[in-house]
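J.: Here's a structure for you.
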């Protein structure tokens, strides 16, 4: 198993309920997936995620899984699109001066 620090853009990550999202990713396969994005948005309700496919690619935000989120339900696979300080969480931390939050 590859550690979070070794992930690269383009890696395929298997995920399941209870996992922290290790990087910004696009879900390419999954069932009944919901993410808690409270760390990033403050929104307490889970966000339903739908795997990206040829029918919904124009609405890709439903497939986006952001670093610092947690998988609250479901399982699947996702493609890494950004790691470390290049993630949304990393950019927010950099802009707010709280770089200690990036790798949590």
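J.: Which condition number in (1) within 16 Å of residue 87 (Cα to Cα); (2) in contact with a strand residue (DSSP E or B) (Cβ under 8 Å, 6 or more places away or on another chain); (3) at pLDDT below 95 is the one that residue 50 fails?
T.: So the condition that residue 50 fails would be (1).
J.: Just need a number here: residues in region 20-39 that are surrounded by fewer than 15 Cβ atoms within 10 Å (Cβ to Cβ) and either under 12 Å from residue 67 (Cβ atoms) or free of Cβ contacts under 8 Å to residues at least 24 places away in the same chain (or both).
T.: Final tally of qualifying residues: 1.
J.: Exactly one condition in (1) under 15 Å from residue 31 (Cβ atoms); (2) surrounded by fewer than 19 Cβ atoms within 10 Å (Cβ to Cβ) is not met by residue 45; state its number.
T.: Status for residue 45: all satisfied but (1).
The values are calculated or read from the model by the stated rules, or taken from the named source; none is laboratory data. Computed from a predicted structure; not experimentally measured. FYI the Cβ positions are ideal-geometry reconstructions off the backbone, even for glycines, and counts take in every protein chain you see.
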